[in-house]
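The structure appears right after this line, and notes come after that.
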Amino acid sequence: WQLLNPFYGKDISWGNMWGLLIVGIIASLLVFIAARNDYRKTYLASYKEASNTRLRIAEHLRKLPMSFFNSRDLSDITTNMMADCASMESMLSSTIPQLIFAILLLILGVLLAIQGVKKLFEKQVDAKLAASDQVQEYLEGMKIIKSCGLSGERFSTLNRALLAMKKVAIQAELVSGVLVQS
């Protein structure tokens, strides 16, 4: 939210920004190390499975009668065996893990987004209600405010409520815009 501070007339806290940058770099490195380890395990397992499949196919071919080989082009058998196992390697090492990750990320992202948006809009409703209450109080007490010279104090309370409502409304619009654009 630091980057939104200029919209509220506040300065960006560069100390916080540098801290967030360092935390982001450390988190990225940890994710990279964990992903690399996972990647190795996944690829090693998929290549091992493909290798075992090739050996099972070779064993099966070894048991077939000679008539099978006489009636077929051996290069076709070799190409099919290698291509099918390569496809299996690719599917096991890349396609399935990425698909599972994408589905989990989508589900988790949607759930977190829904919770965040729900809280933000509840906060927006509360801010609107508070601002409405302050406007109502200000208008109802206009005679008293003018006669007692309290306009500065009462107006500052109203102004704070309106600024809080504006702040939450901007946050809600930004979040809504990001979700709509995604």
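The values are calculated or read from the model by the stated rules, or taken from the named source; none is laboratory data. Bear in mind the structure is a predicted one, so any value in this text is a computation, not a measurement. Here the Cβ positions follow ideal geometry from the backbone for every residue, glycine too, while neighbour counts run over all protein chains shown. Heads up: the accessible areas ignore ligands, DNA and RNA and are worked out on the full protein's heavy atoms, side chains in. Shrake-Rupley method; radii C 1.70, N 1.55, O 1.52, S 1.80 Å.
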> Do any residues in region 87-105 that are in contact (Cβ under 8 Å) with a residue 12 or more places away in the chain have Cβ atoms under 7 Å from those of residues that are open to solvent by 80 Å² or more (accessible area, probe 1.4 Å) and not β-branched (Val, Ile, Thr), where the two are at least six apart or on different chains, and which pairs are they?
Replying inline: GLU89/TYR47
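What do you reckon, is ARG154 within 26 Å of GLY9 (Cα to Cα), modelled with pLDDT under 75 and not β-branched (Val, Ile, Thr)?
yes
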> Looking only at residues in region 70-115 that are within 22 Å of GLU49 (Cβ to Cβ) and charged (D, E, K, R), which one is modelled with the lowest pLDDT?
Replying inline: GLU89
> Quick check: is even one residue across region 123-143 at pLDDT 85 or above, under 24 Å from the mean Cα position of the chain (by Cα) and in a helix (DSSP H, G or I)?
Replying inline: yes
> Just a yes or no: is a residue in region 29-46 open to solvent by 80 Å² or more (accessible area, probe 1.4 Å), assigned to a helix (DSSP H, G or I), on the phi < 0 side of the Ramachandran plot and touching a Leu at 6+ places or on another chain (Cβ under 9 Å)?
Replying inline: no
> What is the residue count in region 47-79 for residues that are open to solvent by 80 Å² or more (accessible area, probe 1.4 Å) and either touching a strand residue (DSSP E or B) at 6+ places or on another chain (Cβ under 9 Å) or in contact (Cβ under 8 Å) with a residue 24 or more places away in the chain (or both)?
Replying inline: 1
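Yes/no matrix, rows are residues, columns are (1) more than 13 Å from ALA172 (Cβ to Cβ); (2) open to solvent by 100 Å² or more (accessible area, probe 1.4 Å); (3) of a type in the set (Lys, Arg); (4) in contact with a helix residue (DSSP H, G or I) (Cβ under 8 Å, 6 or more places away or on another chain):
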| residue | (1), (2), (3), (4) |
| --- | --- |
| VAL110 | yes, no, no, no |
| GLN115 | yes, no, no, no |
| LYS123 | no, yes, yes, yes |
| ALA127 | no, no, no, yes |
| TYR138 | yes, no, no, yes |
| GLY141 | yes, no, no, yes |
| ILE144 | yes, yes, no, no |
| SER147 | yes, no, no, no |
> How many residues does region 10-44 contain that are hydrophobic (A, V, I, L, M, F, W, C) and over 30 Å from GLU89 (Cβ atoms)?
Replying inline: 11
> Which condition breaks for SER93 when tested against (1) assigned to a helix (DSSP H, G or I); (2) open to solvent by 70 Å² or more (accessible area, probe 1.4 Å); (3) not hydrophobic (A, V, I, L, M, F, W, C)?
Replying inline: (2)
